[in-house]
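K.L.:
There's a structure below that I have some questions on.
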Amino acid sequence: MSRTKCLVQWCLICLLILSPDIFSATGVVDSDEGAFGCTSGDGLGIDDNDDDEQTFRFDFSQSAPGWSVGFADLPQGQDGFFELIFDLRPLLPDLNPNRNGLFISGNNRSDDLFMFVRRRITGLQPNQTYLVDFSVGIGSEAGNDCIGAGGSPAITLKAGASVVQPVATPDANGFLRMNIDNGNQTVGGADMQVLGNIGVNVDCVNPVFAPKRLESSTARLFQVQTGDDGSLWLVVGTDSGFEGVTRLFYTRIEARFSLR
């Protein structure tokens, strides 16, 4: 039996043991929650399919080692005023209280708040160009088509990769700006591409968290070149034009790298 088939069978066994309730009667995944690949205890799963393709899967149901947070497009030293929060916490009952997720929250008082998570990955071929296919699972309470200053369509989720560590540094006016090209609000940049917005089908008056999966467009995959050591930084974030508080769970992040 090929190694790929063995991996697929092992993943199915893991899913049935750990989360038997995620399959419907038709045998397909009902929602994004629980639809994770088999991972190690640190939440990382790596598929070494062949020399030309490699997939990194991160499941935050138990832990999130190596992941850190950053905030940009706000004045330096104003974390409290912008109500910035980041931690690993249990998902709310609306999602799956038996799992954890990366929780990130902020009040967009600058009308342009960028909130992102990042992690360094290794093991790719040095100095090579890769096409990257992203898949990001979230839990969101931003209702589709709700009335408000911007609303969920104005909260854009982006994903990308960079040789340099993505950080926010102060400019001459004391505003924190990204050191990579993440684009601006609903537009992507050289280092991050738009996957969509975080809107979900929930009640606008009494919203609850609902799962959503956002993926790269197969017609336009992200492209990146590795450095001398074959490492890169993954980065996923929301660029907000919504003038209010955004609360979001990241439940899983997957990036499939294919040599161009």
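Only the coordinates and a few stated rules stand behind these numbers; no lab work does. All of these numbers come straight from a predicted model, not from anything done at the bench. FYI the Cβ positions are ideal-geometry reconstructions off the backbone, even for glycines, and counts take in every protein chain you see.
K.L.:
For region 109-241, rounded, prolate or oblate, judged on the Cα gyration tensor with a ≥ b ≥ c (square roots of eigenvalues), a/c < 1.5 rounded, else prolate if a/b > b/c?
P.N.:
Numbers: a/c = 2.52, a/b = 1.52, b/c = 1.65.
Oblate, because a/c is 1.5 or more while a/b does not exceed b/c.
K.L.:
With the crude spin-label approximation of a point 7 Å out along Cα→Cβ, what separation in nm comes out for VAL187 versus VAL208?
P.N.:
Taking the two extended label points, one gets 4.0 nm.
K.L.:
Still on this structure, please answer the following. If I take every Cα pair under 8 Å that is 6 or more residues apart in region 41-259, average their sequence separation and divide by the length, what percent do I get for the relative contact order?
P.N.:
Details: 587 pairs, mean separation 73.9, N = 219.
That works out to 34 percent.
K.L.:
Could you compute the FRET efficiency for GLN128 and THR218, with r as their C-beta to C-beta distance and R0 at 25 Å, rounded to 0.05? Mind dumping the intermediate values first?
P.N.:
Values: r = 21 Å, r/R0 = 0.84.
According to the calculation, E is roughly 0.75.
K.L.:
What is region 166-208 by shape, rounded, prolate or oblate, if you read a ≥ b ≥ c off the alpha carbon gyration tensor as root eigenvalues and call it rounded for a/c under 1.5, prolate for a/b larger than b/c, and oblate otherwise? Don't jump to the answer; show the numbers that get you there.
P.N.:
Numbers: a/c = 3.87, a/b = 1.90, b/c = 2.03.
Oblate is the answer for region 166-208, as a/c is 1.5 or above yet b/c matches or exceeds a/b.
K.L.:
Moving to a separate point now. Tell me which residues come under 5 Å, amide H to amide H, from GLY241 once H is placed; ignore anything under 5 positions away on its chain.
P.N.:
Those lying under 5 Å, H to H, from GLY241 are ILE155, THR156.
K.L.:
Which of THR226, THR122 has the fewest other C-beta atoms within 10 Å, and how do the rest follow up to the most?
P.N.:
On the way: THR226 21, THR122 10.
If I rank by nearby Cβ atoms, fewest first, I get THR122, THR226.
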